[in-house]
Amino acid sequence: MNTFDFDIIKDNDRYLLIINEKYYQINEVTYIIFLKIKENYTFQQISQLLAEKYNIFSTSEEVEKSIADIVKPLLKKEKIKNLSFMWFKVDFLFPKHYKKIADNLKFLINPYIFWPVLSVFLLFNVYHLFSLPQYEKSDYCVDTIGIYFITYLFLFVILIIHELGHVTATQFFKQKTYSIGFGLYLIFPVFYADVTNIWALSKYKRIVVNLAGIFFQSILGVLLFCCYSWLDINTNVKDILHNVFIINGITMLVNLFPFFKFDGYWLYSDLFNLPNLTKKYQMCIQYWLKKIIRPLSSFFLEDEKKYMNPYNVPLILYSLSKIGINIMLAFAIINFLRNYANMLVDLGSISVTDICSVLNLVYKFGILTLLLIYLTKLLRTLYKSIRSKIY
């Protein structure tokens, strides 16, 4: 086997296999096998080592085949459509576009700056987000269409600044960064940064990278608030800054939400050493359903314990909270569909000259379209999953 086809990393009790610049967590025995391959051990020597150290008795042929079964699919693995909720992605910024900016901002990631500023500025943003009085605006939406349009344009600027935080922190820790792109996650427009190489970092450094996007946003929020509150500027500009400050604060809170694959999800995963958190959550639910509803046990996997510890408290809390969130989300979707159906009933009464009503209808139709695409994908996924278990 060509040792240049892969690399391995040991970080305390965490073992990583790197193939095609992708990171896979492996167990200690698999790590030892790959380590000895890189040290030019023969498979016969590796077989003897496994027997002496781990009481694992396999022939050299069996060891070679097991490693080949792991490596070959990964070497050929390409990006394929899977069960990810990110159903549209496009890359548009690359290191040549942002590297100089990130290099000039790396000093902010110094721990003596990062943690104090993040703590104070994040609390500042959250406090003022909830205590900020509603700014008085015109009663006619036609007077504010331009303001809202500019505000939503700034949303994309905010999201790019957020991703710039991630790549800056990654470069601070001397890891290679890749593209920044745009996509649709569930029904949310999102930006993302490919910082795959942070898997090679320690837990502390991965947590810093996870929080770096919110860190940059918290600095932006303070600047927006100061401009909005203290500068003597045009009323329309104040409207825009007011709205952008609110959107910036809301996106920070959404990103800290751990139940979708935003920053909070990766933060929770790294903080409590729960890699593949979604899979572990699903296995945890399956395990406890087997315990509680024994007649249904045939529908579930028999080896959940191989993938997770069902008595892990952070995992149990996450799983219970995730179930609650999914139930609330289901009710919210049903309520949205009911309200949309009522609006369609009144569609004939809407005048084409009533710009506000027309824009509201277009907005809701867009949300409905994204929602239906997501539900179709989810139902197809559930169908395939149930079919695979039955057949």
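The values are calculated or read from the model by the stated rules, or taken from the named source; none is laboratory data. Bear in mind that the values here come from a model prediction, so they are computed numbers and not experimental data. Glycine gets a Cβ as well: all are built from the backbone with ideal geometry, and neighbour counts include every protein chain shown. When the accessible area is computed, the model is the full protein with side chains, heavy atoms only, and any ligands, DNA or RNA have been set aside. Shrake-Rupley method; radii C 1.70, N 1.55, O 1.52, S 1.80 Å.
Taking every alpha-carbon pair within region 1-73, the share separated by more than 15 Å comes to 52 percent. Sorting the segments 104-110, 201-207 by their mean number of nearby beta carbons within 10 angstrom, highest to lowest, gives 201-207, 104-110. Note on ILE334 and LYS65: the extension gain reaches 91.8 nm, defined as 0.36 nm multiplied by sequence separation minus the Cα-Cα distance. At full extension, PHE57 and PHE272 could sit 74.0 nm farther apart than now, given 0.36 nm per residue minus the alpha carbon distance. Per-atom-type breakdown for region 248-293 gives carbon and sulfur 68% of the accessible area (1.4 Å probe, protein chains only). Each peptide among 22-31, 215-224 gets the average number of other Cβ atoms lying within 10 Å of its residues, and from highest to lowest they stand as 215-224, 22-31.
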